[in-house]
Amino acid sequence: MAEETTPALRVLRGTPTAEELAALVGVLLRRSAGPAPAAATRRSRWRASALPGSSLRVGPGAWRASGLPG
């Protein structure tokens, strides 16, 4: 015995292609999932060195330390 289900989406005007309907369903599913989790962002030392107020070492060996990984 097959169950009858009511369609969750109904096209009222126009004749969308299967690809267009699939794209619409994908967008609606993504929006219903909630906000995307925040990506863990970490500033690189290279970028941080270009920003004002960066903590660069000053003194003997500073030029060598500037090129070494942190």
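Each value in this text was obtained by applying a stated rule to the coordinates, not by laboratory testing. Just so it is clear, the model here is predicted, and its values are computed rather than measured.
Karplus-based coupling profile of the stretch 20-26, in residue order and whole Hz: 5, 5, 5, 5, 5, 5, x, with θ = phi - 60° in 6.51 cos²θ - 1.76 cosθ + 1.60 and x standing for Gly or Pro. By how many nm would the segment from V25 to A48 lengthen if fully extended, with 0.36 nm per residue of separation less the alpha-carbon distance? Extra length from V25 to A48 when fully extended: 4.1 nm.
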